[in-house]
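Worksheet for the structure shown next.
The values are calculated or read from the model by the stated rules, or taken from the named source; none is laboratory data. None of these values were measured; they are calculated from a predicted model. We place every Cβ from the backbone using ideal geometry, glycine too, and count neighbours over all the protein chains shown. Areas reflect the complete protein model, heavy atoms only, side chains present, ligands, DNA and RNA absent. Shrake-Rupley method; radii C 1.70, N 1.55, O 1.52, S 1.80 Å.
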Amino acid sequence: MEAGRICIGFGRPYVGLYSANGGSPTYSSGRRLARGVSVSIQPETSENNEFRADNVVAETQAGVFTGGTLTLTVDGLLQESECLIYGIPEPEDYSYGESKKVKMLKYGDDANIPYVGVGFIAEYMSGGVKTYVPVIIRKVQFSMSAISHSTEEKTYNWQKQELTATIMRDDSPNHDWKWMAEGQQTEAEAEKILKSVLNVTPEEP
């Protein structure tokens, strides 16, 4: 009898800009999002459609996926990834001091939060054997995350960042919302699959 499997890890979140592409969704500008700490997916479905006869439920049509919420906890967004998921314009030069310049990101009306795809690796164990499963959430839109910082203490107070996104069905004929590849023997191979789907080019280390 085949053993079940248990999730023992999560990591390597990636993101790519989503394009409907005439009903065949594609991604561009794929890149590493941050270092992953945890992920939570809360799907929402429509109610079951029930037919009653002889005073009982005689037939039922299961509810379908209508949307959901993705919550990602990461160490801290890479600046380029933050600009991508929040649609922040390219940084501009800001002059200060004696002929000094610094790149300044401007969060304002020019920000245009795009649709993106999010991928990560779920690590499982079954019968003492590890497998690495690439998971792609096909179409999401992030909300601006809360900001919280605290002062440095005698020991480092490791501060994480929580990201929240709305999950949607994609624009394919089947309206997919999640893809999950078969388990891979190595994390590196699972990561190659994520990079291929989300169009991460050139490949990052």
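Test of the criteria: in the stretch 139-196, which GluC sites (Glu not before Pro) are in a DSSP loop and have at most 14 other Cβ atoms within 10 angstrom of their Cβ?
152, 153, 182
Between residue 51 and residue 106, the distance separating the two model label sites (each 7 Å from Cα on the Cα→Cβ line) works out to 6.1 nm.
Can you pull the percent of Cα pairs in the stretch 18-132 with separation above 25 Å?
Values: 3503 of 6555 pairs.
Across the stretch 18-132, Cα pairs with separations above 25 Å total 53 percent.
What the phi angles of the stretch 22-34 give under the Karplus curve with 6.51, -1.76 and 1.60, with θ = phi - 60°, is a coupling list of x, x, 10, x, 9, 10, 9, 6, x, 7, 5, 7, 5 Hz, glycine and proline written as x.
Rolling a 1.4 Å probe across all protein chains gives residue 143 an accessible area of roughly 60 Å². Each label was represented as a point 7 Å from its Cα along the Cα-to-Cβ direction; for residue 29 and residue 75 these points are 2.4 nm apart. Tilt of helix 187-197 relative to the longest C-alpha principal axis of the chain, in degrees (0 to 90, nearest 10)? The two axes meet at around 90 degrees.
Given N residues in the stretch 20-68, what is Rg(Cα) / (2.2 N^0.38 Å)? Can you show the working numbers first?
On the way: Rg = 19.4 Å, N = 49, 2.2 N^0.38 = 9.7 Å.
My calculation over the Cα atoms of the stretch 20-68 gives 2.01.
Based on Cα coordinates alone, diagonalise the gyration tensor for the stretch 80-137, multiply each eigenvalue by 5, take square roots, and list the semi-axes in whole Å, largest first.
Numbers: eigenvalues 339, 52, 6 Å².
Over the Cα atoms of the stretch 80-137, the ellipsoid semi-axes are 41, 16, 5 Å.
Amide H to amide H, with H built 1.01 Å from N, residue 115 comes under 5 Å of 18, counting only residues 5 or more places away or on other chains. When every Cα-Cα distance of the chain is counted in 5 angstrom steps from zero, the calculated P(r) takes the values 1, 6, 12, 15, 16, 14, 12, 9, 6, 4, 2, 1, 1, 0, 0, 0, 0, 0 percent.
Using only protein heavy atoms and a 1.4 Å probe, report how much of residue 101 is accessible, in Å² to the nearest 10. Accessible surface of residue 101 is approximately 140 Å². Near the amide H of residue 88, within less than 5 Å, lie the amide hydrogens of 112, all on another chain or at least 5 residues away, with H placed in the peptide plane. If R0 equals 25 Å, the separation of the Cβ atoms of residue 143 and residue 21 corresponds to a calculated FRET efficiency of about 0.50.
For the stretch 53-106 versus the stretch 145-163, the inter-centroid distance based on Cα atoms is 19 Å.
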